[in-house]
Structures are given as C-alpha cells and as structure tokens.
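**Q** The structure follows.
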Amino acid sequence: MTQTDIDPNAIYCPACNEVFLGRRAHPVCPRCGMPVDGLGEASLNTITFSRPGTSHQDLRAQRVEKEVDLLALIDTPLAHYHIHSLLGRGGMGWVFLARHLQLNRACALKILSPSLIERDPDYLERFYSEGRAAAALNHPNVVTVHAIGQQHGMHYLEMEFVPGRTLQKLISDQILSPIRATTMALGIADGLAAAHQLGIVHRDLKPDNVLISHQGVPKIADFGLAKRLHGNPAAEFSGTLAGTPHFMAPELLQGMEASPASDVYALGVSMYVMLTGTVPFIGDSFHALSRAIQHEPFPNVRAVRPDVPLEIAECLGQMTEKSPGNRPRSGVEVSQLLQAILGQVRDLETLLHDAFALEPRVQWEPEGDGYRARVTLTDGRSQCVHIEVSAHQISERLLQIYSLCCPAQAKFHEQALRLNSTIPHGAIALREIQGQDYYVTLNNYPLGTVDAEEIRKSVLELAIHADAIEQELTGEDRN
C-alpha cells in the first residue's frame, strides 16, 4: 500500500478497513467482495489521515511529502536504533526492520504517521497509553513491546521482530484443517487471556493482526491500537467506530464499548475464516453488513466444511453468540473451552515439523487428509510411510502410521505371519488400499499423547521393516 496516493486503481473497503488495488470501473473488495467506491476524498481521508477540508490535490501533495520524509529514514539512525528497511505500512503508521544499537538485536519499529497525529491529536495520547499497557504483556502468543518513545517528532513503538507471515496470508495460501485451526485459535486465546487479565482489550483482533512465526506459533500484534473508521459509513453512526467491521461483535455496532467478550467474538470470526477462507457475513453496503452481523444467525461452519467435528462447530457457535452474555466472557474462558475440545491433541503438522526438522532422511508432504513421508534407506532404496488421523471422536482419535510392503497374496500369508513375530516395532497387518489388500507395517498412537520423537522413530522403523519385508517377499523396491 505504499502507492495508494498515486495509483488510480486504489480502492478502500470500509468493511475490511483496508486499501486494496482493484478495477475502478466496477470496483469490489478483492477480499470480501463488497462493492466499493474508488479511493475518493472521504476514503482518502481514512488512509492519509489529513485534516478535514484539505483539498484532494493538497492531500496528495502532503502525502507524498510525508512518504519522502519517512522513506528517508531507511539506513539512518533514530534514537537507539538503526533503521534497515521497510517491512510494511498500514493506516496508523510504518513498520521498519531496525537494530537496537546498544543491545545489538533486531526489532520491528512502528513509527506513527505524522499526518495521523496532525489530523487526530488524541490518537497520540491513546498510542502512548495503550503502548505502555501492551508493554506489560509478556506472553509467547503476544508480540512483545519493548519500548515506546519519540525523537525529532517521530513517535515510535519498538516491538519484537517476528519473521514469518500473517495469519491472513497463511489462510490466503490454504485454509486450515479443523485441528490446526482450533490449535491456532487456542494459542490466540491464550494471548488474549494474558491481556484480559491485565484489563487490556485488543479492539481489532483479526487474521491481519496475528503474526505466525516460522515455528507456527501465533502472536497477537497491535493491542489497543484499533484503526478508526472514517468517511461516510462511520459518519452515519453515533460516536466513532474503531476496528474492522467484519470482525466486530454486534454490540459494538450498536454503540457499546469494546470488552473482552467482543474480543472473543472477533476470535470466533477469525476461526471461521481459518476454516472457510471467507468472512461469515457479507453485504452490498456497510449498513447491509452491519444489519446482517446484528440480526442474521451466524452461519453453521459445517454447512461449508462438513469435515469440521461437531464439538469444534459448537465451540465456534458459543464464541459468536449475538449477546455478549452468552459467549465465554474473556480469553481465559475461551482458552479453557478450546482446551476442553482439544484435550491433549496437538496440531499434527506442528508435530511433523518437530519430528523431522533435523532428520535429513525424511521428506514429508500433505496427502489427502493426512501426510506422506518418503524415507531414504541404505543401498539407494526408499520407502513411503503414510501418517493419518483416525475418524474416531476427537478425544479418542489415533495417529495411524503405516507403510506398504506389497500386495497381499495367498502364497505370502504363511511367510508374512512368521515375519510378524520377528518385528520389534509395530506389526504386519492387512489394509485395503483403493480396493486392493496390502501387507503393511503398522503402528497406532493415541493422538492426544503422541510426541514428535515417537513419530520420528516409528516412521523410520516402519519404513525399514516394510522395505525388508517387501524385499524378502518380492525382491522388488516399489514403495
């Protein structure tokens, strides 16, 4: 969004509270599909944060001047930092990759837009107030705020640098499995719980404001720094709206104050987006969207994703109740609810990352509803191992690990039974694969208690035994 002032295709969606590139002829938001206007003066106000009454032409000139000023910070010192590069920018400021000169550590430095402070002076006070409150948070699921300050008229927030991507980008690449989405929601809920216990409300929780580390850990960013909605949609409401309408709880659109329960609602909407890739309500205008959020039933996620277990769908339903009194009251309660749903079940993809991160013999990838691991053995041979979750109730599910030996033939039965007694890990079993019976080496683990090391050892040992059985029975290397 660094060229919204000069790109004629820039559009502003009040429902997403974001600027996108689109077609000016018949513009629609590329994320939610709402018909929108081009980046006109009202919406330009939202993006440039200029004083009301400034002409469209002056807005552009003023914005270009501000852009040059901030871009000139790259490769220069500011306070205790050396600024290296621009990481991104949004409605409230610019985020730079910087290095703390005294501590010699990388950090993300958010610098407030100077024109925002000019147009909305009380924002600066809120920025410092919320920044100090956020700095009191120390939790693995929250982006840590290290410092807040100003120099040469530049007001900044030093934050933990989280290499990775946003949850929104992760969802845009691929919607999440039910277990992974629930595990991700639990991490976010734990971060909210830490904030809510300190009396801090996020006010703008959404996938754009959750960073995912390279280890898959969700980290909530921008506590208390919700973007305000400006222009025509907000002007027709009493008071000032702040946040992102798609993720706003119904009571916020009715003028009530943000609360921990409204953060819980936003988490529920975010979880719905993780599972479906779409927002739950759409409308052809801001007011149509607002009416839908306030009055229409929240969609049943199982109508879109039938594979979502009933327990997870019911949990999502509780988080997105219209009345805040019917939802879990805070991150603490929703964390407890999600933990009860998951039990000790860990996200399988995270387990596989941990199991094979330092194992060069194993290459793994998704396969249908499970995963396939290719194990490189000695003498140039290899073996494929399949990793799947059983279809039991969520608390009773098994992690099934198996490797195909060869098609089951009557002439091999006696020899296979003898070999079964010699296998120290797992067992030889019959398994139907695409309508044909195969001998497989197999092992099952309770999904709620299995750990990464058990998976690593099981995959390697089952691959070795399956390959040896295949070689002895057939003399081939087919799997």
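**Q** Out of G325, G317, which single residue is in a helix (DSSP H, G or I), over 23 Å from I179 (Cβ atoms) and in contact with a helix residue (DSSP H, G or I) (Cβ under 9 Å, 6 or more places away or on another chain)?
**A** Only one candidate passes the filter, namely G325.
**Q** Of everything in segment 306-316 that's modelled with pLDDT under 95 and either outside the structural domain of A266 (by TED's automatic domain parsing) or not β-branched (V, I, T) (or both), which residue is surrounded by the fewest Cβ atoms within 10 Å (Cβ to Cβ)?
**A** Among them, the one singled out is P306.
**Q** I would also like to ask the following. What number of residues within segment 430-463 are assigned to a helix (DSSP H, G or I) and either surrounded by fewer than 18 Cβ atoms within 10 Å (Cβ to Cβ) or not assigned by TED's automatic domain parsing to the domain that holds H392 (or both)?
**A** Residues in segment 430-463 being assigned to a helix (DSSP H, G or I) and either surrounded by fewer than 18 Cβ atoms within 10 Å (Cβ to Cβ) or not assigned by TED's automatic domain parsing to the domain that holds H392 (or both): 4 in total.
**Q** On to the next question. Quick one: would you say L170 is free of Cβ contacts under 8 Å to residues at least 60 places away in the same chain, aliphatic (A, V, I, L, M), assigned to a helix (DSSP H, G or I) and surrounded by 17 or more Cβ atoms within 10 Å (Cβ to Cβ)?
**A** yes
**Q** Which number in (1) surrounded by fewer than 22 Cβ atoms within 10 Å (Cβ to Cβ); (2) at pLDDT 95 or above; (3) not charged (D, E, K, R) marks the one condition that G283 misses?
**A** Condition (2) is where G283 drops out.
**Q** Ok, one more. Filter segment 202-256 down to residues that are assigned to a helix (DSSP H, G or I) and at pLDDT below 90, then give me how many there are.
**A** Result for segment 202-256: 4.
**Q** Restricting attention to segment 138-167, which residues are surrounded by 14 or more Cβ atoms within 10 Å (Cβ to Cβ), in a loop (DSSP other than H, G, I, E, B) and in contact (Cβ under 8 Å) with a residue 40 or more places away in the chain?
**A** H139, N141, V143, E160, F161, V162
**Q** Of all residues in segment 378-411, which are surrounded by 15 or more Cβ atoms within 10 Å (Cβ to Cβ) and modelled with pLDDT under 75?
**A** Scanning segment 378-411 gives I394, S395.
Results for (1) out of contact with any strand residue (DSSP E or B) (no Cβ under 6 Å at 6 or more places or on another chain); (2) touching a residue at least 40 places away in the same chain (Cβ under 8 Å); (3) within 15 Å of E472 (Cβ to Cβ); (4) assigned by TED's automatic domain parsing to the domain that holds E365, shown as yes or no for each residue.
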residue	(1), (2), (3), (4)
D379	yes, no, yes, yes
Q383	no, yes, yes, yes
I387	no, yes, no, yes
H392	yes, no, no, yes
L398	no, yes, no, yes
I401	no, yes, no, yes
L404	no, yes, yes, yes
H413	yes, no, yes, yes
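**Q** Before we move on, is L275 in a helix (DSSP H, G or I), touching a Gly at 6+ places or on another chain (Cβ under 8 Å) and either at pLDDT below 95 or over 17 Å from M34 (Cα atoms) (or both)?
**A** Considered against the rule, which asks whether it is in a helix (DSSP H, G or I), touching a Gly at 6+ places or on another chain (Cβ under 8 Å) and either at pLDDT below 95 or over 17 Å from M34 (Cα atoms) (or both), L275 comes out as no.
**Q** Please list, ordered by first then second residue, the pairs with beta carbon atoms under 7 Å, 6 or more apart or interchain, first in segment 126-137 and among the basic types (K, R), second surrounded by fewer than 22 Cβ atoms within 10 Å (Cβ to Cβ).
**A** Hits for this filter: R132/I148.
**Q** Taking into account only those residues within segment 464-478 that are closer than 17 Å to A408 by Cβ and among the β-branched types (V, I, T), which is surrounded by the fewest Cβ atoms within 10 Å (Cβ to Cβ)?
**A** T474
The values are calculated or read from the model by the stated rules, or taken from the named source; none is laboratory data. Model, not experiment: these values are computed from the prediction. Cβ atoms come from the backbone with ideal geometry, glycine included; neighbour counts cover every protein chain shown.
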